[in-house]
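Reviewing the structure listed below.
Here, each number is a calculation from the coordinates, and none is a lab measurement. These numbers were taken from a predicted model, which means no experiment stands behind them. Counting neighbours? That spans all protein chains shown, and the Cβs are built from the backbone with ideal geometry, glycine included.
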């Protein structure tokens, strides 16, 4: 199968992906979830004129010249309403958040008053009409669409939804992503290693990445390079109702790279195998029924770059988010020269520092080996080099994806 471009590969991965199921959750549990509906304000905020300060509700005309003595006719704390009307020469003691009484058009802060005796208050400073009053609808009005379908809720959004009077919200069900690692050489962290084994890291990386993107990671374990064992574990994962299967390793063309065969034996329809991409060329996409499959390379950096380019956007699409343009690219300036590129798109690990121009300066690491996990962790971004890009000098414009 011929190499295809990163854009073509992403289009295959995302084809037809969308939010398939919805959960209704208590607002307290909604942070990090993705809205499956527009949230339309059910009330106006504030619903009436309220005091923004502790002080006295007055008529501004009565305190235009100070000092001015006023008669206190009552008090109103937050949560209560004053039933009377503030007339000429009168004032009502008021506290922050309380409704402004009828007749009053300003709030005189308590610091600008003195109390000469019971039932009286002296204004020491004038106060303009409307001063220290929050008008009805200052924040939002009933019927306003304030949070859109496809938006991932953060803690601030939860506060806004509560103010809009939503005790529960409709959210996209979290996609379940099964993660299956293959390879005789792999051992779990802390295990006693054989003489030719390495500690597996990809499962942990992908599981953490999946969770940060709002999906649920399902660890399907690690199986040896045995076709029967791999097929059995794939079928086990499918039986759990996973939405996405991510296989780790065995995606290349060696004698012990069995993922392609195992997927075919499991009834998979292959979309592509091999992308014009560095790192991450031996990456595949397939489907078994409704389950989408991404076959990741075993090299750690190749695997993680594949997650950024393909798995993250797929999860976003399954959550109902608009993933056009993901992962987001932005302009930067090269901090060091780069050679002419070949027929594969390069995603170069790089450091990132600010510059006086306003654009950050991205400097590619000298070594880009796809097995160097420490270099990936040290990187601030990936420099995106299109296929056949000409040589570029330090100071030239470039595009980056932030990590």
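Taking the 0 to 90 degree range and rounding to the nearest ten, how far is the long axis of helix 227-239 tilted relative to the main principal axis of the chain, both from C-alpha atoms? Approximately 20 degrees, to the nearest ten. With the convex hull drawn around the C-alpha atoms of region 91-247, the volume per residue stands at 218 Å³. Set against the 2.2 N^0.38 Å expectation for a compact globular protein, region 283-393 has a Cα radius of gyration ratio of 1.19.
Once Rg and the Kirkwood radius are both taken over the C-alpha atoms of region 161-245, their ratio Rg/Rh works out to 1.17. For region 50-134, the relative contact order is 42 percent, taking Cα pairs closer than 8 Å that sit 6 or more residues apart in sequence and dividing their mean separation by the residue count. Highest-first packing order for the peptide set 390-396, 87-93 is 87-93, 390-396, based on the mean count of other beta carbon atoms within 10 Å. Remark: 376, 272, 48 ranked as 48, 272, 376, counting other beta-carbon atoms within 10 Å and listing the fewest first.
Look at where the Cα atoms of region 181-220 and of region 8-35 average out, and the two centres are 25 Å apart.
Build a GNM of the chain with springs between Cα atoms under 10 Å apart, and of 281, 339, 188 the one that fluctuates most is 339.
In the chain, the calculated helix contribution to ellipticity at 222 nm averages -4500 deg cm²/dmol per residue, counting -39,500 (n - 2.57) for every DSSP H run with n ≥ 4. Based on every Cα atom in the chain, Rg and the maximum pairwise Cα distance Dmax equal 30.9, 97 Å.
Test of understanding: what is the full-extension gain from residue 270 to residue 236, defined as 0.36 nm times their sequence separation minus their Cα-Cα distance?
Difference between extended and current length: 10.3 nm.
Springs join every pair of Cα atoms under 10 Å in this Gaussian network model of the chain, and among 174, 65, 287 the largest mean-square fluctuation is at 65.
Were the residues from residue 374 through residue 65 laid out at 0.36 nm apart, the gain over their Cα-Cα distance would be 104.1 nm.
Volume per residue of the convex hull around the Cα atoms, evaluated for region 210-338, comes out as 131 Å³.
Computed over the chain with a Gaussian network model linking Cα atoms closer than 10 Å, the most mobile of 61, 162, 200 is 61. For region 282-334, pairs of C-alpha atoms spaced more than 16 angstrom apart make up 52 percent of the total. Computed from the Cα positions only, the extents of region 50-134 along the three principal axes stand at 30, 25, 21 Å, in decreasing order. Panel order for 381, 66, by other beta carbons found within 10 Å of each beta carbon, from fewest to most: 66, 381.
Extension gain, residue 145-residue 22: 0.36 nm per intervening residue step, less the Cα-Cα distance, totals 42.3 nm.
Percent of C-alpha pairs per 10 Å bin in region 330-402, short distances first: 22, 55, 22, 1. Listed by Cβ neighbour count within 10 Å, with the fewest neighbours leading, 372, 28, 296, 164 appear as 28, 372, 164, 296.
The modelled label-to-label distance for the pair residue 165/residue 336, using points 7 Å beyond Cα in the direction of Cβ, is 6.1 nm. When only Cα pairs below 8 angstrom with a gap of at least 6 residues are kept, region 330-402 shows a relative contact order of 49 percent. Normalising the average separation of contacting C-alpha pairs (under 8 angstrom, six or more residues apart) by the number of residues puts the relative contact order of the chain at 16 percent. Spacing of the modelled spin labels on residue 357 and residue 228, each 7 Å from Cα toward Cβ, amounts to 6.1 nm.
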